[in-house]
Every structure is written in C-alpha cells, then in structure tokens.
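Before any comments, here is the structure.
The values are calculated or read from the model by the stated rules, or taken from the named source; none is laboratory data. Note that the structure is predicted; figures quoted are calculated from it, not measured. For neighbour counting, all protein chains shown are included, and Cβ atoms are generated from backbone atoms with ideal geometry for every residue, glycine included. For accessibility, only protein heavy atoms count, side chains too; no ligands or nucleic acids. Shrake-Rupley method; radii C 1.70, N 1.55, O 1.52, S 1.80 Å.
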Amino acid sequence: MSQAMLLAKRAEALGEVPVGAVVVRDGAIIGAGFNRLICDNDPTAHAEIIALRAAGRQLGNYRLPGATLYVTLEPCSMCAGAIISARLERVVYATPDPRTGAAGSVFQILDNPDLNHRCRVTTGVQTEQAAEMLRGFFRARRSARRC
C-alpha cells in the first residue's frame, strides 16, 4: 500500500484526484498506476485500470490469477468490472468511497455471488493516510474556486 500511496501523491501533483494502485503477484509489483483522467483526457484512466493494463502487458496475459491489487480508494463499478474480468484473487483498498464504491460502500461487485468470479476484499490498510490525502485535495480544490 505504501507504493500505491506514493503513486497517489504523483497524481495529486498533476492536479488529479490522488488515487494510486499497484498489482502484486508472487511478491513483486507487476503493474502500477495513478489517476490520469485529466492529463490523458480519458474517463477510463483510473489508477486501477492503468495498473491492470501494465500488469497484463508485463505478463502477456489479460488474466491475472493469483494477483492482488492494492489501491488507495475503494474501486468504482468500472474498475470492479475490470478486476473481475482480470480474475484478480484479492483487492486491498485503503479508504471507502461512499459515493461510488463498488466493494461494499454503494455496490457489491467484487464478491458478488451472481458473477463468474469473486475477489477477496480487505480494507482498512493505511485508511487515515489515504482519507486525509483525499480530504486535503478536495479542500484545496474548493478553496481555489472561492478566489
């Protein structure tokens, strides 16, 4: 999660919502990403999607069995769908997203018994650090608009 937090800070430095993600398999990072929606003019450029794409290229396979995704914010429904398609074993996220979270906060996609694959989900890893980074980012954004 520490690597994901560093990537979130890179996103924040670019003016993006500070979310970072890494895919780990067999103890090694095989994919990494941070939010790049604004920079890339791409609504799919979420940290998780970028990390999954990098992992797929690294392994030469769109399936990532045995891999774990570490992400600073609960995945949205788009990212959860990609996680299911990639057949990740586990998702670890730092802080919940009460507006768009798809790992239990709003939707329950990652371990939905109606789907053909389910991921184990763990939360609460570096929660306060990730939440404070997000709060600070949005606080600064609101302040900038007042001027």
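Structure above, values below:
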item	result
Residues (of a type outside the set (A, V, I, L, M, F, W, C) and within 24 Å of I30 (Cβ to Cβ)) located in the stretch 88-123	E89, R90, Y93, T95, D111, N116, H117, R118, R120, T122, T123
Filter pass, A45 being outside any helix (DSSP H, G or I), free of Cβ contacts under 8 Å to residues at least 12 places away in the same chain and buried (at least 16 other Cβ atoms within 10 Å of the Cβ)	yes
Single residue of the stretch 1-38 satisfying the filter (open to solvent by 60 Å² or more (accessible area, probe 1.4 Å) and touching an Asp or Glu at 6+ places or on another chain (Cβ under 7 Å)) that is farthest from E74 (Cα to Cα)	I38
Scope the stretch 56-86; condition of a type in the set (G, A, S), surrounded by fewer than 16 Cβ atoms within 10 Å (Cβ to Cβ) and part of a loop (DSSP other than H, G, I, E, B); matching residues	G60, G66
Residue among A131, A67, A103 that alone is within 17 Å of E12 (Cα to Cα) and hydrophobic (A, V, I, L, M, F, W, C)	A131
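Yes/no matrix, rows are residues, columns are (1) of a type in the set (G, A, S); (2) in contact with a Pro (Cβ under 9 Å, 6 or more places away or on another chain); (3) open to solvent by 50 Å² or more (accessible area, probe 1.4 Å); (4) in a strand (DSSP E or B):
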residue	(1), (2), (3), (4)
D111	no, no, yes, no
L115	no, no, yes, no
V121	no, no, yes, yes
Q129	no, no, yes, no
R135	no, no, yes, no
A144	yes, no, yes, no
